[in-house]
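Working notes for the structure below.
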Amino acid sequence: LLAAGTAHAELAPQLRSMLDAAIASGNDADIDTIAKYLKQASPADAAEIDRTIGDHRAQIAAAKEEKLRHLGLLEGWKGEGQIGATQSSGNATTVGLTAGLALTRESLRWRFSLRALADYQRNNGQTSRNQMLFAFEPNYRFNERLFAYGLAQYERDRFAGFTSRTTLSGGLGYRVIAQPNFTVDVKAGPAWRKTSYIGEPAASDLTGLAALNARWAISRTLTLTEDANALYSRDNTNLNSLTSLSAKLSNALSARVSYQITNNSNPPAGFKKTDTVTRFTMVYGF
């Protein structure tokens, strides 16, 4: 703040105090809004206001880069846990549970993400859904847009016809859109997949993976995300899309509704090609 005050010492005291307060809030949207109205009120000071804000953001970026450069192995992890449940009685007795955990860690060049998701449901005493997924993905950034990725993923879904599916992949990705409130990443590369089918021999094959990850902060409290991927092979192509809408209830707590659709082009005999899941969960960020 002292640096900011020195940088715009020529501003009138009222303008200076308003700009200082906006900068002290640490909220970029508030800073931009206050700066907009200050420049409208005093056009002659527009360049000085822009320079002050630019200096402030450069200091923040430099401090963040220095922190990431010296980040310890167990430092910098962020995450969220989500849980949802359903229960009904009467003509049909249904009990369902969905739970998930996501962890991320970013350093100067590396980004690590770990995801776990499980769905379980019983209908009239019979298990009707039992899905599980674990995924680990490291990314190495060459610059602000280009990155390399790796992926190790394990799935289990008996109601889709397999007891286990392991996928390993690596390739390149690119951030197509890089806005503060809207990002879109695409990535592609070769992959190896091994599937243990129910009632059929296990199979392994070389495939190609293509994926899209998008995040849109619609407002301060509302966020829309889309995570889609395709694993293509001659024998079976797997398509997966997870669309989520999260509404922030407090600093740490959010409500989320998500819709997932999975399609296997060649499932085992007796199993459907397409499966969908709708989840309503509470999410706690940490």
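Most tightly packed first, judged by the mean number of other beta-carbon atoms within 10 Å of their residues, the peptides 27-35, 97-105 read 97-105, 27-35. Carbon-plus-sulfur accessible fraction, the stretch 37-196 (probe radius 1.4 Å, protein heavy atoms only): 58%.
Checking every one of the GluC sites (Glu not before Pro) in the stretch 80-146 against DSSP loop status and a limit of 11 other Cβ atoms within 10 Å picks out 144.
Measuring only protein heavy atoms, the 1.4 Å probe finds residue 132 accessible over about 60 Å². Nothing charged except the Cβ atoms of Lys and Arg (+1) and of Asp and Glu (-1): what's the magnitude of the dipole of the stretch 171-286 about its Cα centre? Round to the nearest 20 debye. That gives the stretch 171-286 a dipole magnitude of about 300 debye. Size descriptors for the stretch 175-276: radius of gyration and Dmax over Cα atoms are 17.2, 50 Å. Under 18 Å from a point placed 7 Å out from the Cα of residue 94 along the Cα-to-Cβ direction: which residues of the stretch 265-286 have their backbone N that close? Flagged as within label range: 275-282. Projecting label points 7 angstrom from Cα along Cα→Cβ for residue 250 and residue 158 puts them 3.9 nm apart. Remark: spin-label model distance residue 108-residue 203 equals 4.7 nm, labels positioned 7 Å along the Cα→Cβ axis.
Using only the alpha carbons of the stretch 123-236, what is the convex hull's orientation-averaged projected area in square nanometres?
Over all viewing directions, the stretch 123-236 projects a mean Cα-hull area of 9.6 nm².
How much mean residue ellipticity at 222 nm does the chain get from its helices, if each DSSP H run of length 4 or more adds -39500 (n - 2.57) and you divide by all residues, to the nearest 500 deg cm²/dmol? Calculated mean residue ellipticity at 222 nm is -6500 deg cm²/dmol. Over all Cα atoms in the chain, the spread is summed up by Rg and Dmax: 24.0, 79 Å. Our estimate of slack between residue 83 and residue 168, defined as 0.36 nm per intervening residue step minus the Cα-Cα distance, is 27.8 nm. Positive end of the dipole of the chain (Cβ unit charges, origin at the Cα centre): among 180, 255, 150, the Cα lying farthest that way belongs to 150.
The value of relative contact order for the stretch 190-247, using C-alpha pairs under 8 Å at least six residues apart, is 27 percent. The residues of the chain present an accessible area of 59 Å² per residue when probed at 1.4 Å with all protein chains retained. Most tightly packed first, judged by the mean number of other beta-carbon atoms within 10 Å of their residues, the peptides 61-67, 134-140 read 134-140, 61-67. Here the convex hull built on the C-alpha positions of the stretch 196-249 has a volume of 96 cubic angstrom per residue.
The values are calculated or read from the model by the stated rules, or taken from the named source; none is laboratory data. Everything numeric here is computed off the predicted structure, so don't read it as measured data. Using ideal geometry, Cβ is built from the backbone for each residue, glycine included, and neighbour counts are taken over all protein chains shown. Keep in mind that these areas ignore ligands, DNA and RNA; they rest on the heavy atoms of the full protein, side chains included. Shrake-Rupley method; radii C 1.70, N 1.55, O 1.52, S 1.80 Å.
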